[in-house]
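Quick notes on the structure that follows.
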Amino acid sequence: MGSHAQLSSQFFGDLLDSIIVDVASECHRIARLGLDRNLEEEEEELRLSAQARVRVADPSNSGEANSKYVVDIFGQTHPPVANEIFDCMNCGRSIMAGRFAPHLEKCMGKGRKARLKVTRSSTAVQNRYSQGSPVSTYSPYSNSTSTSRLSNGTSSGAGEEYSNGTFQEP
Amino acid sequence: MTTGNPSYTNPKPCKHLADYKLNHGLSGYKSLQKHLKTAPHGKTSVGKPSTKTPRCISCDGFQGRLYFCLICSSVSCLDHNLLHTQSEVGHDVAVDIERAELYCCVCCDQVYDPDFDKAVMSKHIMGITGDKNGDESIGKRLVKRRRLGSGVVEELVDSKISKQLISMRDRRAKSCYPLGLRGLNNLGNTCFMNSVLQALLHAPPFRNYFLSGGHNHETCRKRSVDQLCLSCDIDVVFSAAFSGDRAPYSPAQFLYSWWQHSANLASYEQKDAHEFFISVLDGIHEKEVKSRNQNRDNGDCQCIAHGVFSGLLRSDVTCMTCGFTSTTFDPCVDISLDLDTSNFPPKNTANKSIKPDANSSMSTLLGCLDLFTRQEKLGSDSKLYCQNCQERQDSAKQMSIKRLPLVLCLHIKRFEHSPVTKMSRKIDRYLQFPLSLDMTPYLSSSVVRNRFGNRIFAFESGESDISAEFEIFAAVTHAGTLESGHYVNFLRLRNQWYKCDDAWINEVDEGMVRASQCYMMFYVQKSLYQKANEDWSHLPISPRRNMFGQ
């Protein structure tokens, strides 16, 4: 080995030694002062989760996942679309439960037309709740992306538009 | 010396350290103070201004660890520090120059002394101009610490519950199942609402409040002209859920009320469970504020939403040049976490990776919390003004939890929106989460202490007595894509897990919950969880409830 390679190898070794002792010193202090987290419990949780994932991924265990549309624990069955009927509190018409939300949206004038008039900005939502909002309070300095939300309606556009395309225009 | 969480074990000194203290007291520490060098990021080392490079007195070496004798200030390397103690009797205790740690040359081990740590910390504090009291500076938005604390809410609801407890045999069929377990009809893409409602229905302090008549319709109507009251509507849902009737309930009235409330918000159409959750708490709070003409002081707010869910976050911004730290406190009703990707394997307090094998690439909740409380260096394009340096400097920010709520809602940011491509996507990555969660490492006292190398020192004075141990009781999961997906809630009642998929309630085993993809997790303080599990067996349906229920 040339002397340069030897030298750099030595420096590297010294740096590595220094780092190792740093970590050892830190851990030593943590252990002596009783500050270490309960690693056993944490590892047990990790193990249980890993086991569970394996079991769930096994196709022969799919029984529970498919039981949704059969019977619940009270012995009841339900249709895919809720068929309870009640009166709309806005217009008084009789509506089926499973179609209540889309009806109410139109009924309250919150259909597509109404939506376009209102300015939409996610920051407005957050700022309104500025005292308690998770985004505005601790991201004045951070570069993280803004609100994180998941829609469960169908959306016709990308980005922050959450248009619900499931019901028809009147 | 330290109060509240966490407690130190004050380690017993070795014989040599004890002797040293006896003979020299604190004089060695005090004279060492002048030589201590404090770095802005919290670490301490020993610097000797006189010589350029410290060298071992025995071998003149300068490589490896060097130790500075507390008595005579001579420097020895690791190989020769024992020699020093042999030639000079009593010179047993030295200081590691790199890390400012005490080292006993005879025991060949690192040793600890609270007085030494105090001397180190004093140097840190002295080094920052303007701080004489030893308290870190607090920003202008400091919220007054709640004098009553959450204990009041707890007491209030517990005494009412116990008065109402009657052992009553439920003659209805299906009575062996926990009360309050009832499906919610999907009213048309409203699973986002149903999943959160289920969590609220079973959040112990929240539930106790409503079931014990905490929100009175009569007084509510009298107090305000405005008929709209989300709490009244929630109360109706509670009555329905706990009425004993097991046929799925349609929360139509609630949806109507919520839409009227959120019509004031720009995005009334939010179909996101987390946004819904925030909006409901906001609605409850607003009504409370209006009816009592209070200031919007969320830190001290006594409304049930804040009483149960509100915690306090601490944000420290440190100047990387001088170490001056600016601290602000902000209340929060939940914590939104970024997923820790495989770039950051979960670390324990010593910054060591746990299990560097198959699990190291898995995201874990603890990993996300570590990420949340990690000191984050802000880029050079976002320099912040430092009061001490009087100019903009590179800074680092660190979050921690000053006060934990009774019910902790953890939200995982699974939605990614790129402002560049204008594309949004859902992050489907699996997240491991524990059923029992200890939040101690994320408290301000732990985080700040860790920043300074875990010195034995009273970093946080007067932290509340709320325990940091939590148990999960509800998990909201999301399956599917951004555009079309489905929310399901898993509830943990009396140590049995139930899957609440809109109208369908089924028993499931713990494994299924662990393997699911969580979006929001609801943890409650362990003591409240245990209490809820005991009392429930004979919690009854009070006849009065049926007046409001269906």
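The values are calculated or read from the model by the stated rules, or taken from the named source; none is laboratory data. Note that the structure is predicted; figures quoted are calculated from it, not measured. Using ideal geometry, Cβ is built from the backbone for each residue, glycine included, and neighbour counts are taken over all protein chains shown.
The table below lists the values:
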read-out: Pair list, Cβ < 9 Å and 6+ apart or interchain, from the stretch B:412-425 residues that are more than 7 Å from chain A (Cβ to nearest Cβ) to residues that are among the basic types (Lys, Arg); value: B:Ser418/B:Arg425
read-out: Number of positions in the stretch B:496-527 that are closer than 18 Å to B:Val407 by Cβ and surrounded by fewer than 19 Cβ atoms within 10 Å (Cβ to Cβ); value: 2
read-out: Count - residues of the stretch B:87-104 that are free of Cβ contacts under 8 Å to residues at least 60 places away in the same chain and farther than 22 Å from A:Ile19 by Cβ; value: 4
read-out: Conditions (1) within 30 Å of B:His41 (Cα to Cα); (2) more than 20 Å from the chain's Cα centre (by Cα); number of the one not met by B:Arg425; value: (1)
read-out: Residue count for the stretch B:189-222, restricted to those that are more than 15 Å from B:Ile284 (Cα to Cα) and basic (Lys, Arg); value: 1
read-out: Residue within the stretch B:513-529 that is facing another protein chain (nearest Cβ under 10 Å), more than 22 Å from B:Leu437 (Cα to Cα) and of a type outside the set (Lys, Arg) present; value: no
read-out: Hits in the stretch B:198-235 (condition: surrounded by fewer than 19 Cβ atoms within 10 Å (Cβ to Cβ) and aliphatic (A, V, I, L, M)); value: B:Val225, B:Leu228
read-out: Residue tally, condition over 10 Å from the mean Cα position of the chain (by Cα) and within 11 Å of chain A (Cβ to nearest Cβ), over the stretch B:396-408; value: 3
read-out: 3 or more residues modelled with pLDDT of 90 or more: qualifying helices (runs of 4 or more DSSP H) within the stretch B:214-307; value: B:230-241, B:252-262, B:273-292
